[in-house]
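Shown next, in structure tokens, is the structure this report addresses.
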Amino acid sequence: MELSKSQLTLLDRLKTRGPQSVKILSNQLGMTTMGIRQHLLDLQSKGLVAQSDAEKQTRGRPIHLWTLSKTGHRRYPDGHAQVTVELINVIRENFGENGLNQVISQRGEQATSNYQKALAKPPTDLASRIAGLAKLRSSEGYMAEVRLLPDGWLLIENHCPICSAAQQCQQFCKTELDTFQAVLGSQASVKRVDHLLAGARRCAYKVTLKPN
């Protein structure tokens, strides 16, 4: 399916920011509302986006929000999903749930070691480590970003390339949280605040600095 650069940008914006109005998309992307609407209608005809029911506003007319459809989300790959799920089932059948969890934990330990090596060079302050971790995760397909909060940081993963595997075994999610905590160090407190498997559109982790 061939899409224009503007349409790909629109899809990325809906993926990373969630449901958006035409006006907000116009302001964010520097395009006219007519141009945005035309692109969205074309993407809708291709089954990639959907329009929500009108939401009431405090003032003015109700607005419609646009979001990715299931087909739109599938444009963002779930790496080797079928093969991964089959391997999980084989390991579970042969070694049981404990054996599967052990394999996933070992994978997490290896990921932790790789991240720690990659982030070993100065600067070593927490903000830099979070930014570095987000960059590493993005290179693996997680579309990660960091937002500054009044009391810490929000590490956001807008896509999960192992979602099918995580649905089969949530040990992946537990290991991910343990990995982040280990990589960011004892000075940080890491808490998952959004979880894709719990119905959120993304996974997000609040990172705060522990008091001395």
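Stretch Phe95-Ile63 to full length: gain in nm at 0.36 nm per residue minus the Cα-Cα span?
That works out to 6.2 nm of additional length.
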Percent of Cα-Cα pairs more than 14 Å apart in the stretch 148-193, please. 59 percent
Three-way shape call for the stretch 60-142 based on the alpha-carbon gyration tensor, with the a/c threshold at 1.5: oblate
How many Å³ per residue does the convex hull of the Cα positions in the stretch 5-73 occupy? 88 Å³
Whole-Hz couplings from phi, Karplus 6.51/-1.76/1.60, listed for the stretch 34-47; x for Gly and Pro: 5, x, 4, 5, 4, 4, 5, 5, 5, 5, 5, 5, 8, x
Debye intensity ratio in log₁₀ form over the Cα atoms of the stretch 81-209, taken at each q of 0.17 Å⁻¹: -0.90
Multiply the residue separation of Gln102 and Leu8 by 0.36 nm, subtract the distance between their alpha-carbon atoms, and state the gained length in nm to one decimal. 29.9 nm
Mind telling me which of Gln181, Gln38, Gln171 comes out most flexible in a GNM of the chain, alpha-carbon contacts under 10 Å? Gln38
Rounding to the nearest 10 and keeping the result within 0 to 90°, find how far the Cα-based axis of helix 171-184 lies from the longest principal axis of the chain. 80 degrees
Suppose every Lys and Arg Cβ carries +1 and every Asp and Glu Cβ carries -1, with no other charges. What dipole size does the chain come out with about its Cα centre, to the nearest 20 debye? 760 debye
Compute, for the stretch 5-73, the length of the dipole vector about the Cα centre, with Cβ point charges of +1 (Lys, Arg) and -1 (Asp, Glu) only. Units Debye, rounded to 20. 120 debye
Difference of contour (0.36 nm per residue) and Cα-Cα distance, Thr124 to Lys46: 23.5 nm
Of Leu40, Val83, Pro122, which is farthest towards the positive pole of the stretch 12-140's charge dipole, taken about the Cα centre with +1 and -1 on the beta-carbons of Lys, Arg and Asp, Glu respectively? Leu40
State, to one decimal in nm, how far the label point of Leu154 lies from the label point of Ala200, with both points 7 Å from Cα in the Cβ direction. 0.9 nm
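Taking only pairs that are 8 or more places apart or on different chains, how many Lys pairs in the stretch 81-209 have Cα atoms under 18 angstrom apart? Don't skip to the answer; put the middle values down first.
On the way: Lys117/Lys135; Lys121/Lys135; Lys135/Lys206; Lys174/Lys191; Lys174/Lys206; Lys191/Lys206.
So the count of such lysine pairs works out to 6.
None of the figures in this text is laboratory data; all of them are computed from the coordinates on show. Owing to the predicted nature of the structure, the values given are computational and were not obtained by experimental measurement. Using ideal geometry, Cβ is built from the backbone for each residue, glycine included, and neighbour counts are taken over all protein chains shown.
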